[in-house]
1. Roughly how many percent of the accessible protein surface of the protein assembly as shown is carbon and sulfur, given a 1.4 Å probe and a whole-percent answer?
2. For region A:291-306, in order, what is each residue's ³J(HN,Hα) by Karplus, 6.51 cos²θ - 1.76 cosθ + 1.60 with θ = phi - 60°, in whole Hz (x at glycine and Pro)?
3. In nm², what is the average projected area of the convex hull enclosing the Cα atoms of region A:314-452?
4. What FRET efficiency would be calculated for the residue pair residue A:110, residue A:183, taking the C-beta separation as r and a Förster radius of 41 Å, to the nearest 0.05?
5. Express in nm, to one decimal, how much length is gained between residue A:205 and residue A:239 on full extension, taking 0.36 nm for each residue of separation and deducting their alpha carbon distance.
6. Working from the alpha-carbon coordinates of region A:1-136, get Rg over Rh, Rh being the Kirkwood radius.
7. What do you get for Rg/Rh over the protein assembly as shown if you use C-alpha atoms and the Kirkwood form of Rh?
8. I'd like to check one number: the per residue accessible area of the protein assembly as shown, probe 1.4 Å, reported in Å² as a whole number.
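The values are calculated or read from the model by the stated rules, or taken from the named source; none is laboratory data. This is a predicted model, so every value here is computed, not measured. All Cβ positions, glycine included, derive from the backbone under ideal geometry; neighbour counts span all protein chains shown. Surface accessibility is based on the protein's heavy atoms, side chains included, excluding ligands, DNA and RNA. Shrake-Rupley method; radii C 1.70, N 1.55, O 1.52, S 1.80 Å.
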Amino acid sequence: MEGRCPYCGELIYERPYCLNCKRDVRWVQKIYTISKAYFYKGYQEAENHHLTSAEIYLKKAVYYNKYNSAARNLLGLIYYESGKISLALKEWIISEAILKEDNFATHYIKQIQEQPKLLVTAKDSIHLYNKALLYLQQGNEDVAIIRLKKAVSLNPNLVEARNLLALCYIKGKQFFKANEQIKEVLRIDPTNPKALTYYKEVSKEDIEKIMPYEIEYVPRQSKKQVQPAKIINRGPTLAKYVANFIVGALCMFCVQTALILPNEIQNYKSDLFKAKEAEEKLEKLLQEEKLMNEEMIAQLKADNEKIMKEKASAELNASKIAQKTKLTEANQYYLEKDWIKAADTLYNIAASLLEEEDALIYANLKQEVYERAASKLYEEGYSQYRIKDFVNSRVSLEKALVYEPTEAVLRKTLYYLGCIEKENANIEKAKYYFEKVVKEYPQTNESSWSSNQLNALNS
Amino acid sequence: MIDFKKELERYKSILDVEHIEDKIDREDMKDLIDVLKEFNKAEEKHKFGEDQ
């Protein structure tokens, strides 16, 4: 039995997933299983010649899986058997459209096409039945009965025409004739619900008792038994078709089991093996890549550390050279007796970076230069104070404090810084300088001057 | 007793033999999976409409 993927239309056979779109089709397979079950049930009913029951099951099988061509073909046979050749042809045409190769439907259609007379008869009988139905709906029963009788004579298996004829007879209380039609229908299809209903209805009546209006019919029948020109027994034909179908299905099953399935299994195994091999290779490559990356990271870290160390060392060396250059410069200023520049340069030297020998030179220079620079700065500051250049004076005096001046210079520097602050109206700062002089250098001129200044500021 | 009129309603005309191929419509080619697919499509469309 065929089945197609509802997502992409690819043949899926009995696989749980589609090979084309890789989607899960187990739910489709479940539906197809139901279709199969209905087909087997329909097939059983067909074997027992229960046409109506078979038709119901086969219709369901087709509804659950339209690609179930076996069910569709058998449904066509059921229609054919019950005289509905048009419906049979319709099912076979659909079946052929769905499954183009190895389809019994092709054979059935061909067989019918080879019998044009059969087609004409079927066409006429169906036409007569449809016309009769129309007449009955219009209330014209007599004309309808004529049409139906003609239809039945042309197509004796047309059960619907027989049922309708039986119904007309029942209405006309011609139970004997009705019973004849019903029995014929039940012979063709023992499960026909309409015929069973009519049979039940007619059984209530005493059909053994010939009604007056049936007398004419019965004796004629008793005198000369009306026999159909040719009894068409379709039982063997149906059996032949069913047998052909079973043989075909068995062959397909054998081919599937013996050839296709092992090959497919082998293909799956091969694919699986290849996939596993590829996965292992990939895993190995990933591991190697990981190791390489780790080694590279470690190498880079080591290189980075080395570079950082080299950089730090180079910076240290550069700094040491800079300090030494500054020391040389300071020495040059010292030799030129430019005490302030020499002190400034010395002040900017990082002594910790000097080598032992240079550190000694630095200490000696500092001792030689600082005091002199402080005295020189004090003198400059005092001169500027005298000409009331308080801004520059304060700079010079503050700088003098930095270069470790002698006590005398320090006292004077602090005093004049206080005076500058006073001039600049920074009273608190001025007081700070004066108090410092008074406190740290008592009994000095600067102390008494500072005291006076404080009194003046406090008053 | 059989109600003739009601019983008559149970009978339908049979498809004519001529031009059978023209009378095969989409419904004849539809199965449960097609119905489910259509239902799914309709539901998705409905959801899309709600989202908008």
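1. Details: 17150 of 31720 Å².
Answer for the protein assembly as shown: carbon and sulfur cover 54 percent of the accessible area.
2. Listing the rounded values in order: 4, 4, 4, 4, 4, 5, 4, 4, 4, 5, 4, 4, 4, 4, 4, 4 Hz.
3. On the way: hull surface 39.0 nm².
For region A:314-452, averaging the hull's shadow over all directions gives 9.8 nm².
4. On the way: r = 34 Å, r/R0 = 0.84.
Efficiency for this residue pair is about 0.75.
5. Details: separation 34, 0.36 × 34 = 12.24 nm, distance 3.70 nm.
Contour length minus the Cα-Cα distance gives 8.5 nm.
6. Details: Rg = 17.2 Å, Rh = 16.1 Å.
Here the Rg-to-Rh quotient is 1.07.
7. Values: Rg = 60.2 Å, Rh = 34.8 Å.
Rounded to two decimals, Rg/Rh equals 1.73.
8. Values: 31720 Å² over 511 residues.
I get 62 Å² per residue for the protein assembly as shown.
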